[in-house]
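Below is one structure, written out as structure tokens; comments come after it.
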Amino acid sequence: MKLAIMGNPLRGYGTPSSDYSFTSESFVLFVFNDCLTIEFLLGCSGSIRKPNEAMRLIVTTFIGVVFGFFLGVSFPTLSLTKMNLPSSLFPSIDLNYIEDKYSGLSTNALLNALSSFKGRRGSSPKPYALNDTKIWVPTNPPGAERLPPGIIASESDFYLRRLWGLPSEDLTIKPKYLVTFTVGYDQKKNIDAAVKKFSDNFTIVLFHYDGRTSEWDELEWSKRAIHVSVQKQTKWWYAKRFLHPDIVASYDYIFMWDEDLGVEHFDAEKYIKLVRKHGLEISQPGLEPNKGLTWQMTKRRGDSEVHKDTEEKPGWCTDPHLPPCAAFVEIMATVFSRDAWRCVWHMIQNDLVHGWGLDFALRKCVEPAHEKIGVVDAQWIVHQGVPSLGNQGKADGGKAPWEGVRERCRREWTMFQERMASAEKAYFKSMKIDPSNSTAP
């Protein structure tokens, strides 16, 4: 007698009726949706010679297939390994393998598998798989084109976060403004007084050029400040490396201040209100006229809230809308809007760390510059003129440390002007524009 086991259609290859062959009682085994159906065949061994016997075999096989299918889809999943079938009956079938491979398959999955099986015998395409899908979004920030736009965090901030709790509960207030001071420990008292003029709406960042940071912890506010310590560097060196526009994008205004400023007559919140009122994108507080004054433009006026132009010495201003008579502030206590800073940051040179010459070029970042750059007279400061950074220089060739620093400042001013002029000339040439015909200031 010959035992024929009808193969599971999910195999996807070969001929199901030829999968297994055993010597035993004659029956047909059908497996659908993990349910086992056994149909005994009528007839005897040997070839089928009579037509009626052949027809009976065909009909019986078909009925067994249909019955097994409906039995499989009508009852809960049946584990083959839990059926009490004698192991001698299936000596070469690994029931554990069958169960692991097909456990949990639904009727739909079975039908899909049957369709897939038929497709493999033809030329149908490979089934869709999520992990095979590639993402490419050209409008994403450079380098992030392979990411879905919804996950991209292209901007950051200086907000301090906790190590516990929910992220959404970390901040009781989100500061809207940023103020930075480039400091040495010797100016701690002055910086302490200055910081207290800024409310909780301001994030405080200290750039330490002398490497001393832990001593500041005795000040209560210092524990909430951001401290960046790199020795013997200037505020423009720090700004280029730690104030990228995408880092400070959450702040409406960025204060870039020196450490030697007296702030007795200054209130930061009132200053912001005046800046907004007069539409200033780049500004500074007015300077006390009797000390530390270099330019007439930055001199405080007692009869106005804000001024945007001035008169200088004869010959100093080729145009009343150009520096130093207009569109001009100094770099000691500059305040930038978010948009203006994004432009200025790109203009800062990596190697020209003192920033001399920047104040004459700031006008290129706003339009019209003579209306959006100005001095706030109603909130004014005192420039104390402490040459602390000069002491961080190095004595060379018989010169004092501060002399070498000042010499480099002047040299950088010339270098910056030359670079700007060369860059503009190259641009106009590439665009085939004659700058002498331009009416722009």
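The values are calculated or read from the model by the stated rules, or taken from the named source; none is laboratory data. Note that the structure is predicted; figures quoted are calculated from it, not measured. Reconstructed Cβ throughout: ideal geometry from the backbone, glycine too, with neighbour counts over all protein chains shown.
Looking at this structure, is residue 160 touching an Asp or Glu at 6+ places or on another chain (Cβ under 9 Å), aliphatic (A, V, I, L, M) and not assigned by TED's automatic domain parsing to the domain that holds residue 220? Steps first, please.
Values: touching an Asp or Glu at 6+ places or on another chain (Cβ under 9 Å): yes; aliphatic (A, V, I, L, M): yes; not assigned by TED's automatic domain parsing to the domain that holds residue 220: yes.
In short, yes.
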**Message:** For segment 149-170, give me each residue that is of a type in the set (A, V, I, L, M, F, W, C) and under 20 Å from the mean Cα position of the chain (by Cα).
**Reply:** 151, 152, 153, 158, 160
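Which of the residues belonging to segment 58-70 are among the aliphatic types (A, V, I, L, M) and modelled with pLDDT of 75 or more? Before the answer, list the steps.
We begin by selecting, within segment 58-70, every residue among the aliphatic types (A, V, I, L, M); these are 58-59, 63, 65-66.
If the condition is that a residue be among the aliphatic types (A, V, I, L, M) and modelled with pLDDT of 75 or more, then 58, 63 are the ones that fit.
Scanning for something among the hydrophobic types (A, V, I, L, M, F, W, C) and assigned to a loop (DSSP other than H, G, I, E, B), does segment 373-395 turn up at least one residue? Steps first, please.
Narrowing segment 373-395 to residues among the hydrophobic types (A, V, I, L, M, F, W, C): 373, 375-376, 378, 380-382, 386, 389, 395.
Keeping just the survivors that are assigned to a loop (DSSP other than H, G, I, E, B) gives 386, 395.
Yes, segment 373-395 contains a residue that is among the hydrophobic types (A, V, I, L, M, F, W, C) and assigned to a loop (DSSP other than H, G, I, E, B).
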**Message:** Pairs please, first residue from segment 282-303 and at positive phi and surrounded by fewer than 21 Cβ atoms within 10 Å (Cβ to Cβ), second anywhere and assigned to a loop (DSSP other than H, G, I, E, B) and of a type in the set (Ser, Thr, Tyr), Cβ atoms under 6 Å, 6+ apart in sequence or on different chains.
**Reply:** none
**Fill in**
In the set 354, 321, the lone residue that is under 29 Å from residue 302 (Cβ atoms), out of contact with any strand residue (DSSP E or B) (no Cβ under 7 Å at 6 or more places or on another chain) and in a loop (DSSP other than H, G, I, E, B) is 321
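Looking only at residues that are outside any loop (DSSP other than H, G, I, E, B) and not β-branched (Val, Ile, Thr) in segment 164-180, which one is surrounded by the most Cβ atoms within 10 Å (Cβ to Cβ)?
Narrowing segment 164-180 to residues outside any loop (DSSP other than H, G, I, E, B): 167-169, 177-180.
If we keep only those that are not β-branched (Val, Ile, Thr) too, we end up with 167-169, 177-178.
Values: 167: 8, 168: 6, 169: 9, 177: 20, 178: 26.
It comes out as 178.
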**Message:** So residue 183 passes all but one of these: (1) over 27 Å from the mean Cα position of the chain (by Cα); (2) surrounded by fewer than 21 Cβ atoms within 10 Å (Cβ to Cβ). Which condition number does it fail?
**Reply:** (2)
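Can you find a residue in segment 227-236 that is over 30 Å from residue 413 (Cα atoms) and not acidic (Asp, Glu)?
There is no residue in segment 227-236 that is over 30 Å from residue 413 (Cα atoms) and not acidic (Asp, Glu).
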**Asked** Of the residues in segment 329-351, how many are touching a residue at least 40 places away in the same chain (Cβ under 8 Å) and in a loop (DSSP other than H, G, I, E, B)?
**Response** 7
